[in-house]
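Take a look at the structure below.
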Amino acid sequence: MRKLTAVICLLSLSIATLFSAGSTENSHDGNGGLIMFRYAENQAYDYPTTQAAFQFARMVEERTDGRIKIKVYYGAQLGDEKLVIEQMQFGAIDFARVSLSPLSEFNPSLNILQLPYLYRNGEHMWKVLDGPIGDEFLASMAAYDLVGLSWFDAGARSFYTTGKSIESLSDMKRLKIRVQEAQQMIDMVTALGATPSPMSFGDVYSGLQTGSIDGAENNWPSYDSTRHYEVAKYFLQDEHTRVPEMQIASAMTWSKLSPSDQAIIKQAAQESAEIERALWAEKEKASEEKVKKSGVVVTYLSQEEKQKFQDAMEPLYKKYGEGNQAIITRIQETK
Ligand code: GCU
C-alpha cells in the first residue's frame, strides 16, 4: 500500500510539474507569468465547501488581476483526504479543504479539537476557533509542511445504521461502524462498544449497501449528499462530536509566493470560510428536512443514555488529553 501511495505520489508530482505551474518555475518567474494552482476537495460540486472553494479561487484570481488561477478538483478527483495531505507536503497539490480527522494523523495536536462532546454547541466551537486558540492551531500546521489558512464548518456528527435503529449504548455492541481513517475515530467507536471499520469517505456507500458495515457517522449534509440515507435510514441524532475542517496550503507552494500574494490568499481564505459557514447553515437545515421527508427514522437518546455515551468517552480524554489539560480547560472555559 505504501509503495502504491509512493508511486501515485510520484506520478502526481510529475503530472503537477507538467501541468500545474504551481510546481514550475513559471509560477514564480516574477514576470507576471500565469500561476496555476490545484485545490483538492472531496465533496460534490454543490456542497457548501466546494462552492466556497470556487469563491476562494474567484477572489484570488480577481485580486491578482488574473495572475493566479486556482483550479478546484472536487469529488475527490485528486484522491482521498489522506493522500491529498501527503501530496501537499511535497508540493504536488497546492491547496485543499480537509476534515480535521485525517489531518490529525499528520498533526496530532489537532486531536484535541475533535474530542467528543468537547464543545457545548456550534457557537462555542466558533468562539474557540475564531479566537487565539484557533489561530494557534492554524499556526501549528507549519511544523508539518502545511499552512493553516482558515476554518470551515462541518456541523455535528451523528450515527446512522442499516437494519435497525440505535436506542441505547448497549445497542452499539452488535455494530460494525465505518469511521474516518484516524486513530481517535477508531478509539471513539471502540469506547462505545462497537467495532470500528476505518475506510475512505468514497467507499462508505457500497459498504452500507453490501452490508460489510452496519453503519457510519456524519453530519446531515454529508448523509444527504452521499445518499447514505437511502441505504442506512436509521439516524440517531446524538451529535457525539464536532469535527471542524481546515483550508490548507502546501508550505512548498506558499514559500514561493510573494508576501503580497500570500496576504491576498490568506484574506480570500478567510472570506471564503465566512461564505462556507453561511452556506453550511442553510444546507444543514435543508438536508435534515429532505432526508426526514424521504422516510429516514430519526431517534434521540434519553438524558440517561446520553450521559452513558458521554461517560464512555472518558478513555479518549485520558489518552488524547494527556499533557494537554491546560488547552482543554482553556477550550472548555471559552465563553
Ligand atoms: C465529512 C467531511 C469530509 C470527510 C467525511 C468523512 O463529510 O466534510 O471531508 O471526508 O466527513 O466522513 O470521511
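The values are calculated or read from the model by the stated rules, or taken from the named source; none is laboratory data. For clarity, every value in this text was computed on a predicted model and none was experimentally measured. All Cβ positions, glycine included, derive from the backbone under ideal geometry; neighbour counts span all protein chains shown.
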For this session: Scan the stretch 177-196 for residues that are in contact with a helix residue (DSSP H, G or I) (Cβ under 9 Å, 6 or more places away or on another chain) and more than 12 Å from the ligand (Cβ to nearest atom) and jot them down.
Result: Gln183, Gln184, Asp187, Met188, Val189, Thr190, Ala191, Leu192, Gly193, Ala194, Thr195, Pro196
Exercise. Do the conditions hold for Lys164, that is, is it modelled with pLDDT under 95 and among the basic types (Lys, Arg)?
Worked result: yes
For this session: Could you grab me the full set of residues in the stretch 150-175 that are within 16 Å of the ligand (Cβ to nearest atom) and more than 15 Å from Glu305 (Cβ to Cβ)?
Result: Ser150, Trp151, Phe152, Asp153, Ala154, Gly155, Ala156, Arg157, Tyr160, Thr161
Exercise. Among (1) under 19 Å from the mean Cα position of the chain (by Cα); (2) of a type outside the set (A, V, I, L, M, F, W, C); (3) buried (at least 17 other Cβ atoms within 10 Å of the Cβ), which single condition is Asp261 missing?
Worked result: (1)
Seminar exercise, completed: Among the residues of the stretch 212-250, the number that are within 11 Å of the ligand (Cβ to nearest atom), farther than 19 Å from Met172 by Cβ, charged (D, E, K, R) and part of a strand (DSSP E or B) is 1
Exercise. With respect to Asp203, is the statement that it is within 11 Å of the ligand (Cβ to nearest atom), part of a helix (DSSP H, G or I) and farther than 26 Å from Trp126 by Cα true?
Worked result: yes
Exercise. In the stretch 302-322, is there at least one residue being among the polar types (S, T, N, Q), under 23 Å from the mean Cα position of the chain (by Cα) and not assigned by TED's automatic domain parsing to the domain that holds Tyr74?
Worked result: yes
For this session: Would you confirm whether any residue within the stretch 178-198 is out of contact with any Leu (no Cβ under 9 Å at 6 or more places or on another chain) and at pLDDT below 95?
Result: no
For this session: Tally the residues that are more than 12 Å from the chain's Cα centre (by Cα), in a helix (DSSP H, G or I) and of a type in the set (S, T, N, Q), restricting the search to the stretch 68-110.
Result: 3
